[in-house]
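The values are calculated or read from the model by the stated rules, or taken from the named source; none is laboratory data. All values derive from a computational prediction rather than experimental measurement. Here Cβ is always computed from backbone atoms with ideal geometry, including for glycine, and neighbour counts include all displayed protein chains.
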Amino acid sequence: MSQKDLFIFGDVPLQSVELIELEDGEILWVRHFYDEDMAQQLYSRLQEEIPWRQDSIRIAGKMVPIPRLQAWFGDPGMVYTYSGLTLDPQPWNDTLQHIKQQIEDYSDTHFNSLLANLYRDQQDSVGWHADNEPELGQNPVIASLSLGSERTFQLKHRQHPERKLDLDLQSGDLLIMKGALQHHWQHQIPKRRQPCKPRINLTFRRIIEAGQPNCDA
């Protein structure tokens, strides 16, 4: 199948779109942004195309390997730093460029960078955190695409941790997080007790000058 055949532009068939309004932020949950067949094709292609690696981050003063594989893509100069780790961008490949364009068209938001994560099995995870680094600006819009095995995406409020939300994300689902969500909520992908197959997560971001609103206006 050619690159042209893989991506058919136009209206993306949507089974369900849900706006989740939270205190201090909101989430747009687009179920089946890509249908099952397309999501599987994208998963298979990206699993092979992306140069996955296991980085280490600083935890309690020590560099610890992260429990997943990742890769950073972006426009030239879009350097990203978190937890003592600095990532220089790899250039967009054709598959990621097409996905980015479709998500930009749907969300009416321009993205210039992407953190790709590969959760190899039920033991891979990411702990509680927020995408609130200074280079993402105020009220960043984060678009998160899931491909592969279903995993649970958990959120909790920073000031009121008893306020929690669990979303079971399936292959092809798209989450668009916006407003002040990253400043007031944390999220994680926990380990699972039951075995599960690999999952790829693509989180599109927009790096800007620190302290500036993260919008196209």
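Some values worked out for this structure:
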| item | result |
| --- | --- |
| Total residues in region 144-163, condition farther than 23 Å from Arg120 by Cβ and in contact with a Phe, Trp or Tyr (Cβ under 8 Å, 6 or more places away or on another chain) | 4 |
| Among the candidates Asn139, Asn117, Asn112, residue that is under 18 Å from Ser44 (Cα atoms), touching a strand residue (DSSP E or B) at 6+ places or on another chain (Cβ under 8 Å) and of a type in the set (S, T, N, Q) | Asn117 |
| Matching residues, region 64-77, being surrounded by 13 or more Cβ atoms within 10 Å (Cβ to Cβ), over 15 Å from Arg199 (Cα atoms) and of a type in the set (Gly, Ala, Ser) | Gly74 |
| Candidates Asp173, Asp131, Asp166 - the one that is surrounded by fewer than 17 Cβ atoms within 10 Å (Cβ to Cβ) and out of contact with any Cys (no Cβ under 7 Å at 6 or more places or on another chain) | Asp166 |
| Residue within region 98-111 that is modelled with pLDDT of 95 or more, more than 19 Å from Ser16 (Cα to Cα) and either assigned to a strand (DSSP E or B) or of a type in the set (Lys, Arg) (or both) present | yes |
| Any hit, region 15-32, residues being part of a loop (DSSP other than H, G, I, E, B) and either modelled with pLDDT of 90 or more or within 17 Å of the chain's Cα centre (by Cα) (or both) | yes |
| Leading residue by the ranking (nearest to Ile208 (Cα to Cα)) among those in region 118-136 that are in contact with a Pro (Cβ under 6 Å, 6 or more places away or on another chain) and of a type outside the set (Asp, Glu) | Ser125 |
| In region 49-63, the residues that are touching a strand residue (DSSP E or B) at 6+ places or on another chain (Cβ under 8 Å), among the hydrophobic types (A, V, I, L, M, F, W, C) and exposed (fewer than 13 other Cβ atoms within 10 Å of the Cβ) | Met63 |
